[in-house]
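Quick notes on the structure that follows.
The values are calculated or read from the model by the stated rules, or taken from the named source; none is laboratory data. Just so we're clear, the structure is a prediction, and the values are computed from it rather than from any experiment. Glycine also receives a Cβ, built like all others from the backbone with ideal geometry; neighbour counts cover every protein chain displayed.
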Ligand SMILES: [Zn+2]
């Protein structure tokens, strides 16, 4: 039997609406060729729909709540209340702490790099157990990324990444799994616009790279047994207004710590933002170190303050734990609804409003049915995604999903974000999913299903995963 290889292009921030437009206008001929011979579809990512946590589903088969990595920044109330000097009290993977991502992941959850055989990585921050010589982007990455960040010189990163792939191949290396991240679409979308000419140029770099890699694999006679996958970790929407959620809490008498202002004395809250449309609020002004349910939140915050928060223009909705187990309240200016997980069933009930805009009560058995019922809604996979996120206490007491057009960090975000993601909205949750195969299952897919599908390509059955093979 011929050796089965997998090439996975993660075009970070590739957009489920922009990418098909570019394909139709003919500017991405190599990706178009894959679609002509294979499949283009949409998949849903996870909540928060943000770089880092949203790599977990396809690389580990698990969601941020299960992995205890609930944002690109997170806070742990228990650790903070034990001692705020704890190295596990909070994280920001945007910077020097990025390396902790590997050790923050549970050791019993292997990645594709552990399972697939000879595996190469390019630029993805999940590098646990990857030897340096298999980490193609590592050398010189710091400087290139710094220049990209402060001078908005993004494309040299992707171009050098592609060169490293070709160097690896031309030196005669074989591989089982090649996972390559192209970060510039995300960066250009954040700092310019989702359809800015620089963003489109970034898509073209990934397309050119695919063309060259494919040509090489064809020449070697490897292409026909190669599974090629291209997807993204989240969508993105243009941002016109910033609300600084940390400052908002401080202004409402709940003095807040947040990155990078983490050393304030006697804070009453902690606010951790990802993407920047996802916010996690931890109330600290109470006895004990537990996460709060609705009644505790009302005691610590007051109903007027909670109402003021959900009525902010930037807030699409807030989600928090109800007093009953495995039940969550979704709350916005229209009112409240509940999301309940009970014996395998996912139940949605509008109470005084319908913040998830599902227009009806829902009661379905199993998380796949929950995905199917909500996949084409405003908030794809919302019922299961809310449930999985709150499995981790690091999700916080209150989670905020920002309204499209707004985000949740202002002064401390440099350079200023002109685009955002992280929320449960479909324009952040839907991602393009492209592969060079036909006739896989057509039911709604999650990016977590890629974990199982890629392993199955090599006849490997994972010992645990929250995904399912797509074929
Ligand atoms: Zn991303």
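Pull up segment 164-207, narrow it to residues that are over 25 Å from the mean Cα position of the chain (by Cα) and assigned to a helix (DSSP H, G or I), then point me to the one that is farthest from residue 420 (Cα to Cα).
Among those that are over 25 Å from the mean Cα position of the chain (by Cα) and assigned to a helix (DSSP H, G or I), it is 170.
Among residues belonging to segment 53-84 that are under 15 Å from the mean Cα position of the chain (by Cα) and assigned to a loop (DSSP other than H, G, I, E, B), point out the one that is nearest to the ligand (Cβ to nearest atom).
72
Just a yes or no: is a residue in segment 237-259 assigned to a helix (DSSP H, G or I), assigned by TED's automatic domain parsing to the domain that holds residue 135, surrounded by 21 or more Cβ atoms within 10 Å (Cβ to Cβ) and touching a helix residue (DSSP H, G or I) at 6+ places or on another chain (Cβ under 8 Å)?
no
Of all residues in segment 346-359, how many are surrounded by fewer than 15 Cβ atoms within 10 Å (Cβ to Cβ) and either in contact with a strand residue (DSSP E or B) (Cβ under 6 Å, 6 or more places away or on another chain) or touching a residue at least 24 places away in the same chain (Cβ under 8 Å) (or both)?
Residues that pass the stated criteria total 2.
Of all residues in segment 24-41, how many are closer than 18 Å to residue 216 by Cβ and either part of a loop (DSSP other than H, G, I, E, B) or touching a strand residue (DSSP E or B) at 6+ places or on another chain (Cβ under 8 Å) (or both)?
Of the residues in segment 24-41, the ones closer than 18 Å to residue 216 by Cβ are 29-31, 33-34, 37.
Filter again for either part of a loop (DSSP other than H, G, I, E, B) or touching a strand residue (DSSP E or B) at 6+ places or on another chain (Cβ under 8 Å) (or both), leaving 31, 34.
Final tally of qualifying residues: 2.
Tell me the residue from 319, 330 that is touching a helix residue (DSSP H, G or I) at 6+ places or on another chain (Cβ under 6 Å) and in contact (Cβ under 8 Å) with a residue 40 or more places away in the chain, please. Break it down into steps so the answer makes sense when it comes.
Working: 330 fails: touching a helix residue (DSSP H, G or I) at 6+ places or on another chain (Cβ under 6 Å).
None of the other options fit; the residue is 319.
From the residues in segment 215-233 that are touching a residue at least 40 places away in the same chain (Cβ under 8 Å) and out of contact with any strand residue (DSSP E or B) (no Cβ under 9 Å at 6 or more places or on another chain), which one is nearest to residue 60 (Cα to Cα)?
In this case the residue turns out to be 224.
Take the residues in segment 1-23 that are assigned to a strand (DSSP E or B) and more than 16 Å from the ligand (Cβ to nearest atom); name whichever of them is farthest from residue 231 (Cα to Cα). Show your work before the answer.
If we filter segment 1-23 for residues that are assigned to a strand (DSSP E or B), which is where we start, we get 5-11.
Okay, now just the ones that are also more than 16 Å from the ligand (Cβ to nearest atom), so 5-7.
On the way: 5: 17, 6: 13, 7: 11 Å.
The selected residue is 5.
Among 87, 50, which is within 16 Å of the ligand (Cβ to nearest atom) and assigned to a loop (DSSP other than H, G, I, E, B)?
Values: 87 fails: within 16 Å of the ligand (Cβ to nearest atom).
From the options 87, 50, the qualifying one is 50.
Run residue 368 past the list (1) assigned to a loop (DSSP other than H, G, I, E, B); (2) surrounded by fewer than 23 Cβ atoms within 10 Å (Cβ to Cβ) and report the number of the one that doesn't hold.
With (1) assigned to a loop (DSSP other than H, G, I, E, B); (2) surrounded by fewer than 23 Cβ atoms within 10 Å (Cβ to Cβ) applied to residue 368, the lone miss is (1).
Go through 185, 181 for me and flag whichever is within 16 Å of the ligand (Cβ to nearest atom), farther than 22 Å from residue 112 by Cα and in the same structural domain as residue 46 (by TED's automatic domain parsing).
Of the residues listed, the single one that is within 16 Å of the ligand (Cβ to nearest atom), farther than 22 Å from residue 112 by Cα and in the same structural domain as residue 46 (by TED's automatic domain parsing) is 185.
Quick one: would you say residue 27 is under 18 Å from residue 206 (Cβ atoms), surrounded by 19 or more Cβ atoms within 10 Å (Cβ to Cβ) and at pLDDT 95 or above?
On the way: under 18 Å from residue 206 (Cβ atoms): yes; surrounded by 19 or more Cβ atoms within 10 Å (Cβ to Cβ): no; at pLDDT 95 or above: yes.
Judged against the criteria, residue 27 is not a match.
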